[in-house]
Amino acid sequence: MAFVRPDFGDALPLVASGKVRELYDVDSKSLLFVASDRISAYDVIMQNGVPDKGLVLTLITAHWFQYLQKQIPNLKTHFLSLDLPSAVPKDQMSRRLKGRSMLVRKLKVFPVEAIVRGYITGSAWSSYKKTGEVNGKEMPEGLQESQELPEPIYTPSTKAELGQHDENISTEQAAKLVGEKYAKRIEDLSIQIYKTARDYAKEQGIIIADTKFEFGLDEETDEVVLVDEVLTPDSSRFWAKSTYKVGQGQDSFDKQFLRDWLTKNGLKGKEGVSMPEDVVEATRAKYLEAFKILTGKSLEDTLKELK
Ligand code: ATP
Ligand code: MG
């Protein structure tokens with residue numbers, strides 16, 4: 001059954017609704033971050049969702065927060081708990097929220113998407129072919145499509161409003177947006193987190209070609225904090241290590257069925273599209289597989305442990 005946006009009335013006011021998540025105000029310091037089953041492809045949200053996708057996104061994120069915090073001891077994240085706040089009534093809905101909700105610290109989010117690329121693909125590949133540069137940085141000559149870069153690069157973009165497209169910007173432009181004081185920390189953390197995750201995922205059989213982080217500011221301590229979802233199939237390009245081949249485009253781990261089906265049926269970029277059952281199921285299977293590969297456990301077992 002598709003997940004429906006919960007309404008808690010005044011107990012937990014809805015403060016924002018993004019492409020995938022609903023954010024509810026818990027108190028002055030925390031938010032309930034609820035991942036729905038909505039899915040987008042080519043920047044358009046499908047009419048129907050992929051059952052359990054929100055669980056996969058939230059629990060992969062929680063897994064990474066735990067792992068990263070062990071590997072990078074001075075890393076701060078917005079993660080508080082996977083428990084539901086007491087303001088959520090204990091009914092059928094609360095059971096459905098378990099695992100897809102995360103209590104997080106409410107922070108001022110820096111207005112850049114901190115993108116890190118370990119492999120050259122997508123918009124970076126298009127730019128490289130035209131100019132030899134990516135986000136204004138010169139790249140080595142003779143790179144092939146999907147090739148691993150000698151070192152991961154930081155290629156920030158703006159955070160566009162709903163319905164708008166993010167724009168790639170230079171590191172200098174990003175520094176103007178977030179303030180010189182925080183820019184270097186955001187860049188350094190992004191690269192460090194990417195490298196840590198890349199090595200872990202590769203061992204398990206997934207190539208994280210690139211990914212997007214968001215950071216917030218803890219105004220009390222003046223620290224840069226990792227926020228939002230991290231290293232999920234929605235915020236990253238995951239490729240299967242077993243089928244990776246340099247010199248060509250790679251199948252995205254999760255959305256390939258959906259994108260292929262949209263293209264084949266002339267629906268690419270169209271609004272209001274409903275996915276047929278087989279596309280939903282194939283996509284769902286991929287999200288579950290990513291979960292299993294990255295966390296080493298089935299979603300079912302992980303959910304049981306939460307109860
Ligand atoms: P965007 O394009 O702005 O990322 P989105 O459609 O991806 O939006 P969702 O992922 O659905 O948005 O919702 C998450 C929203 O919550 C994002 O706008 C993100 O910047 C914001 N956010 C993430 N972590 C925090 C936090 N700790 N405090 C406040 N806002 C946060
Ligand atoms: Mg988002």
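What dipole magnitude, in Debye to the nearest 20, does the chain give about its Cα centre under +1 on Lys/Arg Cβ and -1 on Asp/Glu Cβ? Could the numbers behind the result be given before it?
Working: 43 positive and 47 negative charges, 112 e Å.
My answer is approximately 540 debye.
Heavy-atom accessible area of residue 261 with all protein chains present, probe 1.4 Å, nearest 10 Å²?
50 Å²
In terms of solvent-accessible area of protein heavy atoms at a 1.4 angstrom probe, what is the ranking of 63, 165, 78, highest value first? Mind dumping the intermediate values first?
Values: 63 40, 165 125, 78 5 Å².
Descending accessible area places them as 165, 63, 78.
May I ask you to derive the FRET efficiency for residue 185 and residue 81 from their Cβ-Cβ distance with R0 = 25 Å, giving the value to the nearest 0.05?
Values: r = 26 Å, r/R0 = 1.03.
That gives a FRET efficiency of 0.45.
I want to check the label-to-label distance for residue 241 and residue 274. Put each point 7 Å from Cα in the C-beta direction and report it in nm to one decimal.
It works out to 4.1 nm between the two label points.
Return one whole number: the accessible area per residue of the chain in Å², for a 1.4 Å probe.
Solvent-accessible surface per residue comes out at 49 Å².
Just from the alpha-carbon atoms, what are the Rg and Dmax of the chain in angstroms?
That works out to 19.1, 59 Å for Rg and Dmax.
Let me cross-check residue 42: its accessible surface, 1.4 Å probe, with only protein heavy atoms counted, in Å² to the nearest 10?
80 Å²
Within segment 99-160, which chymotrypsin sites (Phe, Trp or Tyr not before Pro) sit in a loop by DSSP and count at most 15 neighbouring Cβ atoms inside 10 Å? Show your work: numbers first, answer last.
On the way: sites: 119, 125, 128, 154; in loops: none.
Those that pass, being in a loop and sparsely packed, number zero.
Do any GluC sites (Glu not before Pro) in segment 265-307 lie in a DSSP loop with no more than 10 other beta carbon atoms within 10 Å, and if so, which? If you can, show how the numbers build up before the last one.
Working: sites: 271, 277, 281, 289, 300, 305; in loops: 271.
Sites meeting the loop and neighbour criteria: 271.
If you find the alpha carbon centre of segment 62-141 and of segment 183-231, how far apart are they in angstrom?
Taking the Cα centre of each part, segment 62-141 and segment 183-231 sit 7 Å apart.
5 Å is the cut-off here: which amide hydrogens, built 1.01 Å from N in the peptide plane, fall below it relative to residue 149, excluding neighbours closer than 5 in sequence?
For residue 149, the qualifying residues are 119, 120.
The values are calculated or read from the model by the stated rules, or taken from the named source; none is laboratory data. Just so it is clear, the model here is predicted, and its values are computed rather than measured. All Cβ positions, even for glycine, are placed from backbone atoms using ideal geometry, and neighbour counts span all protein chains on display. Calculation scope for accessible area: heavy atoms of the full protein, side chains included, ligands and nucleic acids excluded. Shrake-Rupley method; radii C 1.70, N 1.55, O 1.52, S 1.80 Å.
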